[in-house]
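First up is the structure itself, then whatever we jot down about it.
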Amino acid sequence: MKFDYDVGIIGAGPAGLAAAIYAARGGLSAVCFEKEVHGGQIINSPEVENYPALGKVSGVEFASALYDQATGFGAEVEYEEILSTDLKGEVKVLRSADREWKVRAAILAGGVQRRKLGCPGEDRLLGRGVSYCATCDGAFFTGKTAAVVGGGNTAVEDALYLATLCEKVYLIHRRQGFRATEAELAKLRGNPKVEFVLDATVAEVRGEDKVESLLIRSTTGGPDRELAVSAVFVAVGLIPGNGQFADQLPLTQDGYLIADENCRTALPRVYAAGDARQKTLRQLVTATADGALAASSAVADLMGDAVL
Ligand code: NAP
């Protein structure tokens with residue numbers, strides 16, 4: 001059997017690129033498949049300050065250093081979306097719209113997508129004030145009023161970033177407690193440009209051709225109110241895009257891939273790494289650690305496999 005690569009990695013985010021580094025250094029030929037741009041979600045973080053030993057670095061800098069390191073060791077990156085796979089057999093087949101690749105081992109590191117609010121106006125005004133990426137679109141609203149929805153680290157980071165550009169930023173969250181770490185929240189509290197709108201959800205995004213206001217609904221039974229804003233940045237969490245693997249691999253109820261501590265899934269020579277996998281801490285450091293583990297498992301499994 002002729003294989004295109006030893007290891008095919010779905011995703012060129014931190015997990016996928018770290019896997020590529022470890023696979024290539026382990027003597028395997030490796031390719032990452034990326035449907036968007038390499039780097040994954042981290043490219044939307046203006047500043048990363050919790051990756052051990054790096055101090056402060058931008059998400060884009062981090063992603064390009066990782067890319068350079070992976071390709072420097074000989075790994076390849078194909079900008080193709082993998083739409084279907086056969087993972088059960090000896091030969092793992094990965095298919096895009098018009099090509100297929102045969103690999104000995106597959107690492108699933110496709111990450112997650114942003115969750116939507118699901119309220120009226122959100123889709124209609126997408127790109128006209130509704131955004132899922134503050135660092136991409138925030139500058140369009142310099143000097144204006146914007147809202148961020150969510151209570152996790154992404155929402156807090158987005159609000160902090162927007163406060164550097166906008167005249168005013170509302171942080172809308174559906175309860176009083178936050179998922180964001182206290183270290184991030186502390187930076188936001190006391191910022192004179194930021195107003196917390198708590199126990200509240202967005203019931204509708206309003207505006208003719210662009211966002212003009214939000215209909216805010218109380219989660220504690222209070223009256224609705226309308227908030228005038230020029231933009232709303234949605235940061236209400238992530239959903240895994242693992243549906244295409246559901247008929248081949250067990251997923252959690254929430255759709256995350258199940259793997260052991262060395263990132264092995266239930267299928268031989270199929271590994272899960274990064275945010276797409278079931279885990280308690282979804283951070284850059286755990287994504288790259290997963291990539292290292294998945295690729296090291298692949299190196300061990302392929303070296304010891306008499307069939308291949
Ligand atoms: P997250 O931590 O899952 O937070 C999502 C937030 O959105 C929660 O506060 C949730 O409220 C709220 N929410 C969910 N559905 C909602 C809805 N339909 N309407 C209104 N609010 C809704 O997501 P995230 O902030 O994107 O972070 C994802 C992961 O990346 C986390 O593990 C996070 O720590 C990590 N991250 C790390 C960094 C960093 O280390 N620098 C930066 C960004 C993200 P409830 O709390 O009430 O459920």
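The values are calculated or read from the model by the stated rules, or taken from the named source; none is laboratory data. This is a predicted model, so every value here is computed, not measured. Counting neighbours? That spans all protein chains shown, and the Cβs are built from the backbone with ideal geometry, glycine included. When the accessible area is computed, the model is the full protein with side chains, heavy atoms only, and any ligands, DNA or RNA have been set aside. Shrake-Rupley method; radii C 1.70, N 1.55, O 1.52, S 1.80 Å.
Some values worked out for this structure:
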item	result
Percent RCO, i.e. relative contact order, over region 156-308, from Cα pairs under 8 Å lying at least 6 residues apart	12
Relative contact order (%) - the chain, alpha-carbon pairs under 8 angstrom, separation at least six	21
Extension gain (nm, one decimal) between Asp68 and Thr280, 0.36 nm per residue minus Cα-Cα	73.4 nm
Local net charge near Asp224, Cβ-Cβ under 15 Å (Lys/Arg +1, Asp/Glu -1)	+1
Local electrostatic count, Gly111, Cβ distance below 14 Å [Lys/Arg +1, Asp/Glu -1]	+1
Placed amide H near Val232: partners under 5 Å, 5+ positions off or other chain	Val130, Ser131, Ala147
Helix-only mean residue ellipticity at 222 nm for the chain, each DSSP H run of n ≥ 4 adding -39500 (n - 2.57), per residue, nearest 500	-6500 deg cm²/dmol
Loop-resident sites, region 200-255, for trypsin sites (Lys or Arg not before Pro), counting at most 13 other Cβ within 10 Å (DSSP)	Lys210
Amide H partners (placed H, <5 Å) of Leu238, local residues excluded	Arg115
Net charge of neighbours whose Cβ lies under 10 Å from the Cβ of Val7, counting Lys and Arg as +1 and Asp and Glu as -1	+2
Highest-MSF residue in the chain out of Ala15, Ala259, Ala295 [GNM, Cα springs under 10 Å]	Ala259
Folded to 0 to 90 degrees: helix 153-163 orientation relative to the chain principal axis, Cα	50
For the chain, cysteines whose Cβ has no other cysteine Cβ within reach (under 4.7 Å)	Cys32, Cys119, Cys166, Cys263
Accessible heavy-atom area order of Tyr22, Tyr51, Tyr271, Tyr5, highest first, probe of 1.4 Å	Tyr22, Tyr51, Tyr5, Tyr271
Cα long-axis angle, helix 284-303 against the chain (0 to 90 degrees, to the nearest 10)	10
Surface share of carbon and sulfur [accessible, 1.4 angstrom probe, percent] for region 171-234	46
Pairs of Lys in the chain closer than 17 Å at Cα, counting only those 8 or more apart or on different chains	10
Probe 1.4 Å, accessible area per residue of the chain, Å²	46
Loop sites in region 197-248: GluC sites (Glu not before Pro), DSSP, at most 14 other Cβ within 10 Å	Glu208
Surface accessible to a 1.4 Å probe, Val57 within the full protein complex, Å²	20
Qualifying trypsin sites (Lys or Arg not before Pro) for region 1-85 [loop in DSSP, other Cβ within 10 Å: at most 11]	Lys2, Lys56
Most mobile listed residue (Pro192, Pro46, Pro14) in the chain, GNM with C-alpha springs under 10 Å	Pro192
Gaussian network model of the chain, springs between alpha carbon atoms under 10 Å - residue of Gly55, Gly110, Gly13 with greatest fluctuation	Gly55
Folded to 0 to 90 degrees: helix 14-25 orientation relative to the chain principal axis, Cα	20
Rounded Å value of the spacing that divides the Cα centres of region 94-130 and region 238-308	18
Test item: Cα-centred dipole of the chain, Lys/Arg +1 and Asp/Glu -1 on Cβ, debye	500
Accessible area (Å², 1.4 Å probe, nearest 10) - Arg115	100
